[in-house]
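The values are calculated or read from the model by the stated rules, or taken from the named source; none is laboratory data. These figures come from a predicted structure and were not determined experimentally. Cβ placement follows ideal geometry from the backbone for every residue including glycine, while neighbour counts extend to all protein chains displayed.
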Amino acid sequence: MYDTDHNLVNAHGAGVMYHNGVYYLFGEIKKGKTWSVSGQSWEDYRVPAGGISCYSSKDLKHWKYEGVALSPVKGQPDNDLDTGRVIERPKVIYNSKTKQFVMWMHIDKKDYSYSQSGVAVSDNPIGPYHYISSVKPNGQMSRDMTLFKDDDGKAYLIYSSEQNNTMQVCLLSDDYLHPTKTYSRILVNRRREAPAMFKNEGKYYLITSDCSGWSPNAATYAVADNILGPYKENGNPCVGPGANTTFQSQSTYIIKVRGKNNYLFMADRWNKTDLEKSDYLWLPLTVNNGKVEIKSVAAAN
């Protein structure tokens, strides 16, 4: 995936915001040598935290590099944005009341012991973003996360919690800068991560991944009439060769294509021993009578 300057797009664990006719892509900058964190019971591969990149497009095909939206810092190990920390899965939404662009992201230490959500703001969609702080929503762990802005303007943080044993959905404050006390525990004891949410015909759909480190597995989806739940779990939305590994990828975001009743499923193809070379997978997502399908290229043809 190349930008308009013919450079590789570097935006992993990404999210997309649509604003004033433009799609903005935000993702993790992964650059540098990959190493394995010792003493972990899972494959904890890392590169130095590179901050958050931004790209823009009017057609979802041609992406212009807009620069580093949120920069890391070096040599400050107690700073959330230090290159020795974890800065993952950035998502940005616009607050029409405050006229600010609000970015939430997973902030952690290299061994995932910190488990917090960080927030940053900007007056410009491409940044630079000013980092405010990180928090455990309602005292709960927050790891893999996404943002969802509903039709009524309310915004929600959705994140893996309780050592990844639950997902949680938390209503944000009116300015989108703080978790509120309104939250729910969903997918209890299901060990899910990599959440990606969309809404179709009044129902909320949440695609998640199993917890298998950097290795791919079969996605599942859950559906609810209320964003706070309860959610009814369904099977794997993927169809075709490779469906049992989500086509060798892990979910990160779902784009609603403006002007059409179409969706794009966005996922990362992690190269766990050389994370800088991780790739992307974008595929059409359809909903027919409440059933979600993501077809591989081979199945689609």
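Answer with yes or no whether ARG85 is closer than 17 Å to MET145 by Cα and either crowded, with 18+ Cβ neighbours inside 10 Å or more than 21 Å from the chain's Cα centre (by Cα) (or both). Lay out the reasoning, then the answer.
Working: closer than 17 Å to MET145 by Cα: yes; either crowded, with 18+ Cβ neighbours inside 10 Å or more than 21 Å from the chain's Cα centre (by Cα) (or both): yes.
The answer is yes for ARG85.
Would you point out which residue out of LEU172, LEU187 is more than 30 Å from SER57 (Cβ to Cβ) and either buried (at least 16 other Cβ atoms within 10 Å of the Cβ) or at pLDDT 95 or above (or both)?
LEU187
Go through region 160-171 and report how many residues are in contact with a Leu (Cβ under 6 Å, 6 or more places away or on another chain) and under 22 Å from LYS97 (Cα atoms).
1
Consider GLY51 carefully, then state whether it is at pLDDT 95 or above, of a type outside the set (Ser, Thr, Tyr), touching a Ser or Thr at 6+ places or on another chain (Cβ under 8 Å) and at positive phi. Before the answer, list the steps.
Values: at pLDDT 95 or above: yes; of a type outside the set (Ser, Thr, Tyr): yes; touching a Ser or Thr at 6+ places or on another chain (Cβ under 8 Å): yes; at positive phi: yes.
Criteria met by GLY51.
So which residues in region 1-18 are under 16 Å from the mean Cα position of the chain (by Cα) and assigned to a strand (DSSP E or B)? I'd like the intermediate steps shown before the answer.
From region 1-18, those under 16 Å from the mean Cα position of the chain (by Cα) are 10-18; that's our starting set.
Listed by number, the residues that qualify are HIS12, GLY13, ALA14, GLY15, VAL16, MET17, TYR18.
Looking at TYR280, TYR253, can you tell me which residue is surrounded by fewer than 21 Cβ atoms within 10 Å (Cβ to Cβ), in contact with a strand residue (DSSP E or B) (Cβ under 8 Å, 6 or more places away or on another chain) and within 16 Å of GLY13 (Cβ to Cβ)?
TYR280
Of the residues in region 200-226, how many are acidic (Asp, Glu), in contact with a strand residue (DSSP E or B) (Cβ under 7 Å, 6 or more places away or on another chain) and touching a residue at least 40 places away in the same chain (Cβ under 8 Å)?
0
Somewhere in region 144-157, is a residue farther than 18 Å from TYR205 by Cβ and within 14 Å of the chain's Cα centre (by Cα)?
no
Tally the residues that are farther than 17 Å from ASP268 by Cβ, touching an Asp or Glu at 6+ places or on another chain (Cβ under 9 Å) and among the small types (Gly, Ala, Ser), restricting the search to region 1-41.
Summing the residues that are farther than 17 Å from ASP268 by Cβ, touching an Asp or Glu at 6+ places or on another chain (Cβ under 9 Å) and among the small types (Gly, Ala, Ser) in region 1-41 gives 4.
Tell me yes or no: at least one residue of region 172-187 is charged (D, E, K, R) and either assigned to a strand (DSSP E or B) or on the phi > 0 side of the Ramachandran plot (or both).
yes
Which of the residues spanning region 22-42 are touching a Ser or Thr at 6+ places or on another chain (Cβ under 7 Å) and not in a strand (DSSP E or B)?
THR34
Among the numbered conditions (1) of a type outside the set (Val, Ile, Thr); (2) within 12 Å of VAL86 (Cβ to Cβ); (3) under 17 Å from the mean Cα position of the chain (by Cα), tell me where ALA120 comes up short.
(2)
Any residue at all in region 49-58 that's over 24 Å from ARG258 (Cα atoms) and not small (Gly, Ala, Ser)?
Checking region 49-58: at least one residue is over 24 Å from ARG258 (Cα atoms) and not small (Gly, Ala, Ser).
Quick one: is GLU43 in contact with a Gly (Cβ under 7 Å, 6 or more places away or on another chain) and crowded, with 19+ Cβ neighbours inside 10 Å?
On the way: in contact with a Gly (Cβ under 7 Å, 6 or more places away or on another chain): yes; crowded, with 19+ Cβ neighbours inside 10 Å: no.
Here the answer is no, as GLU43 does not meet what is asked.
What number of residues within region 256-269 satisfy the criterion of being at pLDDT below 95 and either closer than 10 Å to SER209 by Cβ or buried (at least 24 other Cβ atoms within 10 Å of the Cβ) (or both)?
Count: 0.
Given the residues LEU157, LEU147, which is the only one that is closer than 17 Å to MET103 by Cβ, touching a residue at least 60 places away in the same chain (Cβ under 8 Å) and of a type in the set (A, V, I, L, M, F, W, C)?
After ruling out the rest, the residue left standing is LEU147.
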